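The values are calculated or read from the model by the stated rules, or taken from the named source; none is laboratory data. The shown structure was predicted, so the numbers you read here are calculated from the model rather than taken from an experiment. Quick reminder, even Gly has a Cβ in these numbers, built from the backbone with ideal geometry, and neighbours come from all protein chains shown. For the accessible areas, the whole protein counts, side chains as well, though only heavy atoms, and no ligand, DNA or RNA atoms are used. Shrake-Rupley method; radii C 1.70, N 1.55, O 1.52, S 1.80 Å.
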Amino acid sequence: MTEGVAGTIEVLAGTGVPGDGGDGGPAMEAELSMPVAMCLDDKGNIYIADANTFSVRRIDASTQVITTVAGGGDDCDDEFDPNLMMEECVVQCLDDGCQCTEAPLDVADLACAEGRLYMAIPDEHRVRFVQLETGILHTIAGTGEAGMTGDGALALHAMLDEPSGICLDGKGSLYIADTNNGLIRTVDLETGLISSMAGGGTQNPCLSKEPVLATDAKISNPKRVLALANGDLLVSSDDGVLIVKMTTGLIAPLGEGFGDCDDLTMSVDAMDCDEEGNIYFASSMSQSVWMLVPGKASVVRIVGSGNLGQCEQLDDLACVDLASPRGLAVARPGLLYFVDAGVYRAFMVKMEP
């Protein structure tokens, strides 16, 4: 394990005080409450899922102005039953075709492509998307009821159980970490059909330390998925980070120094990669953001001292105290963004070559 890289870090959004204020103004002056996920669109705009405010905020790439683009509503409608739980309110109010800012959205993960913002919503047992041009909300997978059905049929008619991670592969597929079902499921965006491509079995690759057929594998609470440029798929789970080799259909612990299901990879809360194949992940357990360089035998700590803190020292990446880094997005090699739910902020990191 290599400690530290040279670079700079600065606050991108958040004042350090939890709240939901600031829409329409500079992101640095806005409040975040519990940022848990983020993604970028093809124009460089940044999207942040803020759990405590049940919203998704966008930071404009050119103006740095922050706005709410999904969720954020504080009630349902005039006929809403106040005795319902929050998650029931969400399901009751946000039917497909409504404006996405009309009610709260408890989003766990985000992905964006071709004018759509995809959202994994565990409490709804759905994956949904916002058509960004119109603000209209649609469901792409899940009926709204917890369960495990639907493989081979339309994803809209399938049942999920608290999906908490999603990613797009850029080739027409959406991958879902169907957490409570222990499955990785894929939706063909052209046909709308869903299938299970990993998990649901009895063989634990983290115990055997050997590759097993992905559909025979036991995956403990998959939380995040990441499609790599070479077509392979990374999965973070309670047992560690796994890699699915798409050409062989095998799944195994991710190697090259950190994928032996050790303590470092037991709590990977976010993953992303750059065009050079470097893999980045945020770990709330280690209070750090890491990078795995292809072909290297160790990971590099990008930012974080490893101590629980309040991010007060920003002049040295290795000395920054993080609290709960939960989401990240890579703009290009050497430039990444991440959110820290424990200090209510989003950050930008520029690494020196």
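In angstrom, the C-alpha Rg and Dmax of the range 112-190 are 11.6, 34. Annotation: lysines with alpha-carbon distance below 18 angstrom to K209 (same-chain offsets under eight excluded): K218, K245.
In the chain, the DSSP-assigned H stretches of four residues or longer account for a calculated mean residue ellipticity at 222 nm of -1000 deg cm²/dmol, using -39500 (n - 2.57) per stretch and the full residue count as denominator.
In this Cβ point-charge picture (+1 for Lys and Arg, -1 for Asp and Glu), the range 114-240 has a dipole of about 140 debye about its Cα centre.
Entry note: the range 171-285 has Rg to Rh equal to 0.94, where both radii use alpha-carbon atoms and Rh is the Kirkwood radius. In this rough spin-label picture, where each label sits 7 Å from Cα along the Cβ direction, the V5-V293 distance is 0.8 nm.
Across the range 155-226, Cα pairs under 8 Å and at least six residues apart give a relative contact order of 30 percent.
Here the gap between I136 and T63, fully extended at 0.36 nm per residue and compared with their Cα-Cα distance, gives a gain of 23.9 nm. Quick one: with all protein chains in place, what share of the accessible area of the chain is carbon or sulfur, to the nearest percent (1.4 Å probe)? Of the solvent-accessible surface of the chain, carbon and sulfur hold 47 percent. At q = 0.09, 0.11, 0.12, 0.14 Å⁻¹, work out log10 I(q)/I(0) for the chain with the Debye formula, treating every Cα as an identical point scatterer and leaving solvent out; two decimals please. So the normalised log intensities work out to -0.45, -0.69, -0.82, -1.13. Which loop trypsin sites (Lys or Arg not before Pro) in the range 135-224, with loop taken from DSSP, have no more than 13 other Cβ atoms within 10 angstrom of their Cβ? Answer in residue order: K171, K209. Around the amide H of G22, modelled in the peptide plane, lie the amide H atoms of E31, all under 5 Å away and 5 or more residues distant in sequence or on another chain. In this label model, S208 and S267 are separated by 3.0 nm, measuring between points 7 Å along each Cα→Cβ vector. Summed over the residues of the chain and divided among them, the accessible surface reaches 41 Å² per residue at a probe radius of 1.4 Å. Computed on the chain, with alpha-carbon pairs under 8 angstrom and 6+ residues apart, the relative contact order is 16 percent.
Between G150 and M159, the built amide H atoms are under 5 Å apart, and every one of these is 5 or more places off in sequence or on another chain.
For the range 7-14, putting each phi into the Karplus relation 6.51 cos²θ - 1.76 cosθ + 1.60 with θ = phi - 60° gives couplings of x, 10, 9, 9, 6, 9, 7, x Hz, in residue order, rounded to whole numbers and with x for Gly and Pro. Using Cβ point charges alone (K and R +1, D and E -1), the dipole size of the chain about the Cα centre works out to roughly 1180 debye. Annotation: amide H-H contacts under 5 Å for V320 (H modelled 1.01 Å from N, sequence separation of 5 or more, or interchain): G304, S305.
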